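Remarks on the structure that follows.
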Amino acid sequence: MKTGILLIGIVIWLSVLSFAAEPTVTYWPTWRGPLNTGESPDGNPPLEWNESKNIRWAVPIEGKGLSSPIVYQDHIFLTTAVDMEKEVSKEVQKSTKKHPMWMRASGQNKNAEHYQRFVVLAYSRKDGTRLWEKVINEQFPHEGIHKDGSWASNSCVTDGVKLYAYFGSYGLYCMNFDGEIIWQKDLGDMSTSNSFGEGSSPAIYGDYLIINWDHEEGSFITALNKSTGEPLWKTDRDEITSWSTPLIVEVNGKPQIITSATNKSRAYDLKTGELLWELAGMTSNVIPSPVHADGIVYLISGFRGNALQAVELAKARGNIDNTPAVRWTLDKDTPYVPSPLLYNGRLYFFRGNNEQVTCVDAASGKVFYNKEKLDEIDGVYASPVGASNRIYVAGRNGVTYVLQDGPELNVLAVNSLPDRFDASPAVAGQDLYLRGLEKLYCISQD
């Protein structure tokens, strides 16, 4: 009898371990994947595809959103903003934020003309069937967006039990996988630089849901109880607008939140919000998110300058400018919009938003190759992903390069679809998911 009970206990224990490990190797629960590096540890999507080859399904997406797909079990989750073409009253027009003339005349942004319908979408991985759609808000945006942007650029995140859909100024929503809202929270209205819009995504660790709120009028970082939405702490930040998503890592068994921004990169204690360390050196308009492996975090940005800093977290305390905690730096060819890929001990990133790729050794900063042009791509906003020792690079003109992972540039395939890819790809098992401006594609072996 005792042996039978012991065997049952072992089976249950192994089942729990298997369930706990499953999201790490199988799904894509956040916008940069299960390791927050852009890597799919067991992914093996196709090498080649076109409109008639290795496209399992393609479904149209209403509205516009640049949030990346996340994947869990049979679900794919996206957000979108649908132009309602609803007339705006004079009272609403008067209440919207008025920007200085130089901002409005820059040609890089656009103001809202109509109400927007903010929607969360769920699709089936099997055949692309829309499982449900949930309208969570209808509102006239108080501020504009970048001309290439959207009012649904923040990606969802899931802990495998609940879905957290985030629209920045237009609300944070905790939902179940059937689309029912469990709780919601209004954190206020952002005032972003040049009215370029919003884009930072939430991060989850244990019971903590982390939101970084960097803008022009009172920045902060806050932790919420993921089950209830109740605030656990809030720490003010001396920052201007950034779009980077916070990264949570354990250092000597204690989790810390790492943020990358213009004035300083900073780390906070997960449980208290206490500042642990800070480092200057990023450029303005920080968009790329940090990545981490083997005790080193990599901070990167590339607007009107170039910066890449490798920080050894075990040595990071207080102000770490010009200290041994900064293992190495690089000051050229870094990305503006796309985040880097950290894969098999190498960092891959682009120069600005251009189709010029650089690969460096993550441990030492040694440059393996730099500014190698991918000729058939015309601009890159999407972040690269890695799977099966391959690098997938989705371009703005619908062309996706597949590169061999390694210290030398080796192009394995060039694939094209009639769409534009600004959202970052997701990989789950044999499937590659590409969100275009027109459709969501599941690319899988025929």
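Summary table
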{"quantity": "Within the range 348-374, tally of residues that are out of contact with any Gly (no Cβ under 9 Å at 6 or more places or on another chain) and either of a type outside the set (Gly, Ala, Ser) or within 16 Å of Val402 (Cβ to Cβ) (or both)", "calculated": "11"}
{"quantity": "Scan of the range 231-249 for residues that are within 18 Å of the chain's Cα centre (by Cα) and not aromatic (Phe, Trp, Tyr), ordered by number", "calculated": "Thr241, Ser242, Ser244, Thr245, Pro246, Leu247, Ile248, Val249"}
{"quantity": "Check on Tyr369, in contact with a Lys or Arg (Cβ under 7 Å, 6 or more places away or on another chain), surrounded by fewer than 24 Cβ atoms within 10 Å (Cβ to Cβ) and aromatic (Phe, Trp, Tyr)", "calculated": "no"}
{"quantity": "Unmet criterion (only one of (1) more than 24 Å from Lys264 (Cα to Cα); (2) touching a residue at least 40 places away in the same chain (Cβ under 8 Å)) for Asn176", "calculated": "(2)"}
{"quantity": "Complete set of residues in the range 401-438 that are polar (S, T, N, Q), in contact (Cβ under 8 Å) with a residue 40 or more places away in the chain and farther than 17 Å from Gly43 by Cα", "calculated": "Asn415, Ser416"}
{"quantity": "Matching residues in the range 250-270 - criterion: being of a type in the set (A, V, I, L, M, F, W, C), part of a strand (DSSP E or B) and under 19 Å from the mean Cα position of the chain (by Cα)", "calculated": "Ile257, Ile258, Ala267"}
{"quantity": "Residues satisfying the stated conditions in the range 370-395, i.e. in a loop (DSSP other than H, G, I, E, B) and either under 11 Å from Pro338 (Cβ atoms) or in contact with a strand residue (DSSP E or B) (Cβ under 8 Å, 6 or more places away or on another chain) (or both)", "calculated": "Leu374, Glu376, Ile377, Asp378, Gly379, Val380, Tyr381, Ala382, Ser383, Pro384, Asn389, Gly395"}
{"quantity": "Residue in the range 10-27 that is in a strand (DSSP E or B) and modelled with pLDDT of 95 or more present", "calculated": "no"}
{"quantity": "Residues of the range 293-308 classified as surrounded by 21 or more Cβ atoms within 10 Å (Cβ to Cβ) and closer than 17 Å to Ile257 by Cβ, total", "calculated": "3"}
{"quantity": "Answer from Val399, Val414, Val427 - the residue that is farther than 24 Å from His75 by Cα, touching a Ser or Thr at 6+ places or on another chain (Cβ under 6 Å) and hydrophobic (A, V, I, L, M, F, W, C)", "calculated": "Val399"}
{"quantity": "Subset of the range 159-173 that is assigned to a strand (DSSP E or B) and touching a Ser or Thr at 6+ places or on another chain (Cβ under 8 Å) - its residue that is surrounded by the most Cβ atoms within 10 Å (Cβ to Cβ)", "calculated": "Ala165"}
{"quantity": "Subset of the range 118-136 (residues that are under 22 Å from the mean Cα position of the chain (by Cα), in a strand (DSSP E or B) and not β-branched (Val, Ile, Thr))", "calculated": "Phe118, Leu121, Ala122, Tyr123, Ser124, Glu133, Lys134"}
{"quantity": "Residue count for the range 195-226, restricted to those that are in a loop (DSSP other than H, G, I, E, B) and not hydrophobic (A, V, I, L, M, F, W, C)", "calculated": "14"}
{"quantity": "Pair list, Cβ < 8 Å and 6+ apart or interchain, from the range 179-200 residues that are among the β-branched types (Val, Ile, Thr) to residues that are surrounded by 16 or more Cβ atoms within 10 Å (Cβ to Cβ) and assigned to a loop (DSSP other than H, G, I, E, B)", "calculated": "Ile182/Lys162; Thr192/Glu143; Thr192/Glu198; Thr192/His215; Thr192/Thr241"}
{"quantity": "Verdict on Gly188 being modelled with pLDDT under 95, assigned to a loop (DSSP other than H, G, I, E, B), of a type outside the set (Ser, Thr, Tyr) and exposed (fewer than 15 other Cβ atoms within 10 Å of the Cβ)", "calculated": "no"}
{"quantity": "Hits in the range 235-257 (condition: free of Cβ contacts under 8 Å to residues at least 60 places away in the same chain, aliphatic (A, V, I, L, M) and closer than 22 Å to Gly197 by Cα)", "calculated": "Ile240"}
{"quantity": "Enumeration of residues in the range 36-53 that are surrounded by fewer than 18 Cβ atoms within 10 Å (Cβ to Cβ) and touching a Leu at 6+ places or on another chain (Cβ under 9 Å)", "calculated": "Pro41, Leu47, Glu48, Asn50, Glu51"}
{"quantity": "Criterion (within 25 Å of Arg117 (Cβ to Cβ) and either in contact with a helix residue (DSSP H, G or I) (Cβ under 9 Å, 6 or more places away or on another chain) or not in a strand (DSSP E or B) (or both)) met by exactly one of Gly273, Gly229", "calculated": "Gly229"}
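For (1) surrounded by fewer than 23 Cβ atoms within 10 Å (Cβ to Cβ); (2) modelled with pLDDT under 95; (3) in contact with a strand residue (DSSP E or B) (Cβ under 8 Å, 6 or more places away or on another chain), each residue gets a yes or a no:
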position: Phe220; (1), (2), (3): yes, no, yes
position: Thr228; (1), (2), (3): yes, no, yes
position: Trp233; (1), (2), (3): yes, no, yes
position: Ser242; (1), (2), (3): no, no, yes
position: Val251; (1), (2), (3): yes, no, no
position: Pro255; (1), (2), (3): yes, no, yes
position: Asp269; (1), (2), (3): yes, no, yes
position: Thr272; (1), (2), (3): yes, no, yes
position: Pro290; (1), (2), (3): no, no, yes
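The values are calculated or read from the model by the stated rules, or taken from the named source; none is laboratory data. Predicted model, so just to flag it, every value in this text is computed and none were measured. Note that each Cβ is placed from the backbone with ideal geometry, even for glycine, and that neighbours are counted across all protein chains shown.
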